[in-house]
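Here the structure comes first, spelled out in structure tokens, and everything after it is commentary.
The values are calculated or read from the model by the stated rules, or taken from the named source; none is laboratory data. Note that the structure is predicted; figures quoted are calculated from it, not measured. As a convention, Cβ positions derive from the backbone with ideal geometry for all residues, glycine included, and neighbour counts pool all protein chains shown. These accessible areas exclude ligands, DNA and RNA; they are computed on the full protein's heavy atoms, side chains included. Shrake-Rupley method; radii C 1.70, N 1.55, O 1.52, S 1.80 Å.
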Amino acid sequence: MTSAPQESLASQAPPVPDILSPAFAADPYGAYRIMREHHPLIRHDATNSYVVSRYEDVERVFKDRAGEFTTDNYDWQIEPVHGRTILQLSGREHAVRRALVAPAFRGTDLQEKFLPVIERNARALIDTFRHTGEADLVDAFATRFPVLVIADMLGLDKADHDRFHGWYTSVIAFLGNLAGDPEVAAAGERTRQEFAAYMIPIIQERRKAPGDDLLSALCAAEVDGVRMSDEDIKAFCSLLLAAGGETTDKAIASIFAHLLTHPEQLAAVREDRSLIDRAFAETLRLTPPVHMIMRQSATDVELGGGRVPAGSTVTCLIGSANRDAARYRDPDRFDLFRTDLTSTTAFSAAADHLAFALGRHFCVGALLARAEVRTGVNMLLDAMPDVRLADGFTPSEQGVFTRGPASLPVRFTPVPGA
């Protein structure tokens, strides 16, 4: 493992952090600072990749205005667990597939068809603990809410929640298997087979007898004479469950972790719920659910002060780039009122944080995530107006590839008559 650029200065700098080390897993943010300041391009042998950590470099890779980077890395990184997905496509093929799936995640469909689904699932979960005066917001709400919403949107049986959760947990473990654990890899590949055995018959049945759900819409969608195959739809549903479950799960937990440890900002959000978007955007910047996304270099590229050969995997450290002092003032502080982050564009391809990536592969589910977070946080605050952390508890994050609070026990006075 070496710092690729400026080798003559490396001996004067702190050692190159190892993204697979226990110290990094415990606290990546100090390592990120060392990378940005001293080792902006690292050749990481264990993951066979080049690691970039500065905002300008990660932004450049994601936007890819010069056609220097591809998503060909997903052929080995995600296809074994999802099948071939929209993330691997480019050019017109990508544009058509995105046009087939995007309408469900924006505009009228999102507001009229799926917002009631989001509200119904949030209410049902909160009703299980609103009278108790205590809850672990991770276990009781965050890990369940987005998966139930997606299953409901697709018209799947929500009684299979535990199976969905197990599948997406296995997929995320596969994606984050940077050390190449063979058991994790095998479990991820089993998940692909199990999910296909579950989904393909449902897709075929929905083609014969469509309903008013997202899965039926995907079966019927057509753009320029192109329709999605059973395998296309299965792969997209697999991706949706994993990406939409894991990320929104961790975002909701992280928002509350930040607000509960910044009481004055919690009070502001409780008083003015329009600030939820700001709190979400700042959470995505400071503690993004996904800390790293890979791309592949299409040509030899000068990046981070060094050279990345063609065909190399480039590991983009979102968790580092979003804390770059060259881009954000006081970057390690949670401040939903900061003026160098634009909440009105935070959920679009014009975002000035990197948690949803950027460019043509900007997260198609960003507006769905915002709708889930707005609804969930609003309802939770209504049910728990004096919510506070359990005595003696300090929130902490876990994870490397994805990261968020593993537990968030809170106490509150139940609202009379709720």
Problem set entry | Percent breakdown of C-alpha pair distances by 5 Å bin, ordered from the shortest bin, for region 314-367 | 4, 20, 26, 26, 17, 6, 0
Problem set entry | Whole-angstrom gap from region 385-418 to region 109-162, using each part's C-alpha centre | 17
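Would you mind giving the average projected area, over all directions, of the Cα convex hull of region 316-405 in nm² with one decimal?
If you wrap the Cα atoms of region 316-405 in a convex hull and average its projections, you get 7.6 nm².
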Exercise. Between Glu194 and Arg227, how many nm apart are label points set 7 Å from Cα along the C-beta direction?
Worked result: 3.1
Exercise. Hey, how many Å between the Cα centroid of region 186-251 and the Cα centroid of region 318-357?
Worked result: 32
For this session: Could you work out the local net charge near Ala242, counting Lys and Arg as +1, Asp and Glu as -1, over the other residues with Cβ closer than 12 Å to its Cβ?
Result: -1
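For the chain, what does the accessible surface come to per residue with a 1.4 Å probe? Please give it in Å².
Value for the chain: 40 Å² per residue.
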For this session: Would you mind checking Lys63/Lys234; Lys158/Lys234; Lys208/Lys234 for any pair whose Cα atoms are more than 21 angstrom apart?
Result: Lys63/Lys234
Exercise. How long is the gain from Val184 to Ala26 if the chain were fully straight, where each residue apart is worth 0.36 nm and the alpha carbon distance is subtracted?
Worked result: 54.8 nm
For this session: Using label points projected 7 Å from each Cα along Cα→Cβ, tell me how many nm separate Glu302 and Ala220, to one decimal.
Result: 5.4
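Can you compute the FRET efficiency between Ala66 and Glu134 using 1/(1 + (r/R0)^6), with r the Cβ-Cβ distance and R0 = 41 Å? Round to the nearest 0.05.
0.15
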Problem set entry | Relative contact order, percent, region 269-350 [alpha-carbon distance under 8 Å, six or more residues apart] | 32
Seminar exercise, completed: In whole Å, largest first, the alpha carbons of region 8-160 cover along the principal axes 60, 49, 28
Exercise. So what is the relative contact order for region 129-197, in percent, with contacts set as C-alpha pairs under 8 Å and at least six apart?
Worked result: 20
Problem set entry | Gained length - Arg84 relative to Glu205, 0.36 nm times residue gap less alpha-carbon distance | 41.4 nm
Problem set entry | Tail weight of P(r) past 22 Å, computed on alpha-carbon pairs of region 218-321, percent | 58
Exercise. Share of region 147-298's accessible area from carbon and sulfur, percent, 1.4 Å?
Worked result: 52
Exercise. Points 7 angstrom from Cα along the Cβ direction at Thr394 and Ala326: gap in nanometres?
Worked result: 3.2
For this session: Could you work out the relative contact order of region 87-188, using alpha carbon pairs under 8 angstrom and six or more residues apart, expressed as a whole percent?
Result: 16
